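Visitor: My structure is below; once you've seen it, I'll send some questions.
The values are calculated or read from the model by the stated rules, or taken from the named source; none is laboratory data. Just so we're clear, the structure is a prediction, and the values are computed from it rather than from any experiment. Don't worry about glycine lacking a Cβ; one is built from the backbone with ideal geometry, like all the others, and counts go over all protein chains shown.
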Amino acid sequence: MTSNIHNLTRSTDDVVIVGGGLAGLFCALKLAPRPVTLIAAAPLGLGASSAWAQGGIAAAVAEGDSPEAHSADTIAVGGGIVDEAVALGIAREAVPRIHDLLAYGVPFDHDLEGKLAVGREAAHSARRIVHVRGDGAGAAIIAALSEVVRRTPSIRLIEGFVAEALLTEDGAVTGVQLREAGNFSARPTMIASRAVVFATGGIGHLYAVTTNPTEAAGSGLAIAARAGAVIADPEFVQFHPTAIMVGRDPAPLATEALRGEGAILINAGGDRFMTARHPLAELAPRDIVARGVFAEIAAGRGAFLDAREALGARFAEKFPTVHASCIAAGIDPATQTIPIAPAAHYHMGGVAVDARGRSSVDGLWAGGEVSSTGAHGANRLASNSLLEAVVYAARIADDIAGRAIPSPARLPDVLVTPRSGAPDAVTMKRLRAMMSSQVGVVRDGDGLAEAVRSFAALEGAATSIALRNMATTALLVATAAWTRRESRGAHFRIDRPTDAPSLAQRTMTTLSAAREVAESLADHLLPRTAQPMIA
């Protein structure tokens, strides 16, 4: 049963998990029967990017495939900075985690022989993507786990609350400050615990065009950074090449599996443009395909996904989710091409964690998209995100189960952020527009410097905690992108279009370091065309 505000504020020996997506739910179940308090911003099944995942989970379950081959593919697309031990470890744990999900009731697709059915996606050397009804893996997984969570007596579920600050003492976590989601006039409340797991999701909604839900606006990353956590690789943002452009926010996604089944990319003239850009054409790594699509749109030729020949009348049966999105927009993908554009989709960066999911802040673990494990490097391999989420959720549960958690400290007398207003819609729109234009698919030094200055000013001036969190995460992404003076993976700078071998290493930064970068750029005047973030 979902708890309410009246029994929320208290000290607890529970492990507190913030986030109702795949990592949060899986970790809570793996901790059972240990008491867990699970905080979700929206009712379970809503507001989590993992529920929207269409591709599936990558796992070497087919004959002739292996974790070593899976790991090699992950490393190959990661821009030279993948932690190879992490990638191999995740690949080796894929099969037992798939079996866990099956035990929780996830209805993965099977072939006629009763074996798990597998598909292929970009940059995979084998068919190893485990699906549910073609393109419904995320929704099916979250639905199954949500049902189990709701009937697990050791899990206290609190829906409709968001974290807005970590409580710390002597560098260690002592609890979380929460506020009712969407109720900006509500008084915050606190829950004390010395074991907090952040599974708060990604940052896609910082961008004007994204496939992520509105809840994925980088709040968890900002909160952890403000508590002193080390942040890894924030400059690496993956843009999905094929968001369906029909005027919706978030934009519906046309899964990469469509291209795995033979769909092609064309411009308005009918020309197939990816064949000239990469030997794998439409199945090239996502960053290359995203830039190819971006270039066609920038040149005025437009970009379209064409599945007419590859799928035709089979489209609705094979990919019902994408089909429904198209039909709702007045497009019949069996007979028409689908207008597309790159959209912010996944953040390779996040709270830096070790092999057990521990952050640099004592008592804070992080899993799922809010974390950065080193598995993805500069460019995530398709369908590795859900796998990483369940692998690290299980590892975090094991780590917490194996250690003694001190009793909670006394709750502080003073709220960390006593007041907050609703985020200004105009300012938020400007922030998202600047992230897309200056910190998007294609970047350059001048645009990044302009973004850094703007986000730093907004972070200091915002009265809304939600807007301040957005500005904090935007600042971390922009400063890391400005500092990395090369192109690598999903980070592409037109003023420095090649990679620099001396920079083939991960970024490790902090909020204080990002603010120092902003201060170093403060003496440079904003271009006359730049608009202030706050009117």
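Visitor: Take residues that are of a type outside the set (F, W, Y) and within 22 Å of the chain's Cα centre (by Cα) and tell me which of the strands (runs of 3 or more DSSP E) falling wholly in segment 104-200 contain 3 or more.
Guide: Fully inside segment 104-200 and qualifying: 161-169.
Visitor: From the residues in segment 379-433 that are β-branched (V, I, T) and touching a helix residue (DSSP H, G or I) at 6+ places or on another chain (Cβ under 6 Å), which one is surrounded by the fewest Cβ atoms within 10 Å (Cβ to Cβ)?
Guide: Selected residue: T417.
Visitor: If I ask for residues that are part of a loop (DSSP other than H, G, I, E, B), among the β-branched types (V, I, T) and touching a residue at least 12 places away in the same chain (Cβ under 8 Å), which ones from segment 411-431 would you list?
Guide: Across segment 411-431, the qualifying residues are V416, T417.
Visitor: I'd like the full set of residues that are in contact with a Gly (Cβ under 7 Å, 6 or more places away or on another chain) and either hydrophobic (A, V, I, L, M, F, W, C) or surrounded by 20 or more Cβ atoms within 10 Å (Cβ to Cβ) (or both), limited to segment 108-121. Before you say what the answer is, go through the steps one by one.
Guide: Taking segment 108-121 and keeping what is in contact with a Gly (Cβ under 7 Å, 6 or more places away or on another chain), we get 119-121.
Result: G119, E121.
Visitor: Here is a further query. In segment 299-311, which residues are touching a residue at least 40 places away in the same chain (Cβ under 8 Å) and surrounded by fewer than 22 Cβ atoms within 10 Å (Cβ to Cβ)?
Guide: D306, E309, A310, L311
Residues are listed down the side, and each one gets a yes or a no for (1) modelled with pLDDT under 95; (2) assigned to a helix (DSSP H, G or I); (3) under 29 Å from L178 (Cβ atoms); (4) not hydroxyl-bearing (S, T, Y):
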| residue | (1), (2), (3), (4) |
| --- | --- |
| L448 | no, yes, no, yes |
| F455 | no, yes, yes, yes |
| R485 | no, no, no, yes |
| R506 | no, no, no, yes |
| R515 | no, yes, yes, yes |
| L526 | yes, no, no, yes |
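Visitor: Taking the condition touching a Ser or Thr at 6+ places or on another chain (Cβ under 8 Å), within 15 Å of V477 (Cα to Cα) and among the charged types (D, E, K, R), does R259 pass?
Guide: In short, no.
Visitor: Could you please give the count of residues in segment 83-107 that are among the aliphatic types (A, V, I, L, M), surrounded by fewer than 17 Cβ atoms within 10 Å (Cβ to Cβ) and under 19 Å from N379 (Cβ atoms)? Working first, answer last.
Guide: The initial filter retains those residues of segment 83-107 that are among the aliphatic types (A, V, I, L, M), namely 85-88, 90-91, 94-95, 98, 101-103, 106.
Now restrict to residues that are surrounded by fewer than 17 Cβ atoms within 10 Å (Cβ to Cβ): 85, 95, 102-103.
Filter once more, keeping what is under 19 Å from N379 (Cβ atoms): 85.
Of the residues in that region, 1 qualify.
Visitor: A further question on this structure: State yes or no: is R314 among the basic types (K, R), within 27 Å of D83 (Cα to Cα) and either touching a residue at least 24 places away in the same chain (Cβ under 8 Å) or surrounded by fewer than 23 Cβ atoms within 10 Å (Cβ to Cβ) (or both)?
Guide: no
Visitor: Next question. Taking the condition out of contact with any Ser or Thr (no Cβ under 9 Å at 6 or more places or on another chain), in contact (Cβ under 8 Å) with a residue 12 or more places away in the chain, outside the structural domain of R179 (by TED's automatic domain parsing) and surrounded by 19 or more Cβ atoms within 10 Å (Cβ to Cβ), does V452 pass?
Guide: Considered against the rule, which asks whether it is out of contact with any Ser or Thr (no Cβ under 9 Å at 6 or more places or on another chain), in contact (Cβ under 8 Å) with a residue 12 or more places away in the chain, outside the structural domain of R179 (by TED's automatic domain parsing) and surrounded by 19 or more Cβ atoms within 10 Å (Cβ to Cβ), V452 comes out as no.
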